[in-house]
Structure formats: C-alpha cells, structure tokens
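Heads up: the structure comes next, in structure tokens.
The values are calculated or read from the model by the stated rules, or taken from the named source; none is laboratory data. Note that the structure is predicted; figures quoted are calculated from it, not measured. Virtual Cβ from ideal backbone geometry, glycine too; neighbours counted across all protein chains shown. Please note that ligands, DNA and RNA were not included when accessible areas were found on the heavy atoms of the full protein model with its side chains. Shrake-Rupley method; radii C 1.70, N 1.55, O 1.52, S 1.80 Å.
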Amino acid sequence: MTRMDTQEERRRRVRELVTAKGFVRTNDLADEFGVSVMTVHRDLDALQAQGWLRKVRGGASCLPSAQFHGSVSERMTTMARTKHRLARAAAELLAPGQIVMLDDSTTCLSLARQMAEHTPLTVITNSLPAVTALSREAGVTLIALGGTYFPAYDAFMGPHTAQSVASFRADVLFMSTTAVTGDRCYHMSPETVQVKRAMMASAARRVLLIDHTKFANQGLYALAPLTDFDLVLVDDATPAAQVRRLRDIGVDVRTVDASR
C-alpha cells in the first residue's frame, strides 16, 4: 500500500469514527493510527475542508446522525417520496424561458430531474449531481458554478462560488435547508451559508422547500429567517400549529400533499 493509499484509508476511518462517536480527541486518533498529532491535525484540516467534520479544541466534532447532513447518497434515500412531491410542486411554478437557480440540496436535485417538462430554461447551480442530470437536457442552458469542491456535499462551496453567484441574476431560486429553529434556517457549514446567502441576494423570487423533519433538526450556522422567502413549501406531515405560527408571522406557506 502506498503512502497516499494509507492516508486516504486513515482519513476514511477518521470520518467514520467522528460520525459514530460525535466527538473524537486528537490524541486518541494519533494513538489509534500510530501517527503524530501533527499528522492528525493535517487529516482533520483536510476532512474539514471537504465538509465531513468540524475541528474543535482538542479534537473533531460531528453532530449525531439525526443532525448531521450525511452524504448525498444517504440524503437521497431519506424522505425520498416527500422530497419528490415537494419538487413536483416546485416544478409547477416554473415557466418556460425562466432563469432558475438551484442549491445543492437533494430536494432540489429531485426538482432538477423534473425540469425537462418545463423547458426551455436556464439553470444555475453549484450541485454536481444536478449539473450531471441537466447536462443531458437539450432544452436547458446550464451554468455550473465553480469554486472549491466539497465531496461531502458533492457541490462547490466557499468564497469563490459565492463570488460566481454574484455575477448572475435569476428569476427564481429554489433551495432547501438542513434545519429550521425559531423560524430561522440553519446549516452545519459556514461555506454553505455563504453560498446560499449569495444565491438569495441574486434571485428576484425565493422559494424554500422543506419537509417536516427539518423542524426537528439542529444546525450551527444561521442562514436566514423564513420571512426572507417569497414562498415556503412544506409537506402535509408538518404540524398544523407550526404552519399557523409561520403564517402568523407573515410567511407564505403552502402545504403539499405527500401521500399521493
């Protein structure tokens, strides 16, 4: 096994340990893999840059699985039917000729896969799976946002992506969020927040797609209040009291039947 192979295998196992335990100490990782603390720090720096974990004092942290974003493949299988219904409702808002911006959420990936019925469209996105899906659609003019690639999100993130977003103006933005707490959207990555804020600033209309589980999740970095969106689509498993409260503070909420 080459040095590079050893490094990649070690980093994969570090990811698994942090995800399983929630927090792992730097010294314990050094002992576990028989490497120096400095090597562990380099591993953690690399994994943090990719979006897998967050370095903290003394080690690395990852929220429990109920709050951790998970890989794209894992997120695609979570609430898949509900996400498809939300995406279908969002697709009905599309009009041929529009310039549409999509974030890197799996809900919007489902929307990307339904866009062929509403072309011609111009689509701007930082999601690599969405780029792959839309590249096969003859009626879509596709603009891929560059930047630093984050494997954990299968998307491009960070300041260069945000700067790229600012070069465009979209008719409508469709996006989702990791968590909603106190009527505000949250994410686990500051790079995600940076890009999504840029997208919100570059869109004439903003539509948020969230399934009911988002209201039980937690996030670290605040993105925006729900009142900053022109429309919020939720599934019908969202508690009625929650929907009423959002409407009371001025949020335009539309409930989507996810059972059909």
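Listing for the model above:
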| quantity | calculated |
| --- | --- |
| Selection within the range 208-223 - part of a strand (DSSP E or B) and modelled with pLDDT of 90 or more | Leu208, Leu209, Ile210, Ala222, Leu223 |
| Close pairs (8 angstrom Cβ cut-off, 6 or more residues apart or separate chains): farther than 13 Å from Arg10 by Cα in the range 36-49, not in a helix (DSSP H, G or I) anywhere | Asp45/Lys55; Gln48/Arg54; Gln48/Lys55; Gln48/Ala60; Ala49/Thr148; Ala49/Phe150 |
| Exclusive hit being within 20 Å of Ala87 (Cβ to Cβ), out of contact with any Gly (no Cβ under 8 Å at 6 or more places or on another chain) and open to solvent by less than 10 Å² (accessible area, probe 1.4 Å), set Leu246, Leu209 | Leu209 |
| Matching residues in the range 137-153 - criterion: being of a type outside the set (Gly, Ala, Ser) and surrounded by fewer than 21 Cβ atoms within 10 Å (Cβ to Cβ) | Glu137, Val140, Thr141, Leu142, Ile143, Thr148, Tyr149, Pro151 |
| Flag for Leu109 being touching a strand residue (DSSP E or B) at 6+ places or on another chain (Cβ under 7 Å), open to solvent by 30 Å² or more (accessible area, probe 1.4 Å) and either at pLDDT below 95 or not in a strand (DSSP E or B) (or both) | no |
| Filter result for the condition that a residue is within 22 Å of Thr255 (Cα to Cα), of a type outside the set (Val, Ile, Thr) and open to solvent by less than 50 Å² (accessible area, probe 1.4 Å), over Leu134, Leu121, Leu102 | Leu102 |
| Residue list for the range 5-26, restricted to those being assigned to a helix (DSSP H, G or I) and of a type outside the set (Lys, Arg) | Asp5, Thr6, Gln7, Glu8, Glu9, Val14, Glu16, Leu17, Val18, Thr19, Ala20, Thr26 |
| Among the candidates Thr2, Thr26, residue that is of a type in the set (Ser, Thr, Tyr) and at pLDDT 85 or above | Thr26 |
| Some residue of the range 171-180 being open to solvent by 30 Å² or more (accessible area, probe 1.4 Å), of a type outside the set (Gly, Ala, Ser), out of contact with any Leu (no Cβ under 9 Å at 6 or more places or on another chain) and assigned to a loop (DSSP other than H, G, I, E, B) | no |
| Identity of the residue in the range 181-206, touching an Asp or Glu at 6+ places or on another chain (Cβ under 9 Å) and open to solvent by less than 50 Å² (accessible area, probe 1.4 Å), that ends up farthest from Leu93 (Cα to Cα) | Thr192 |
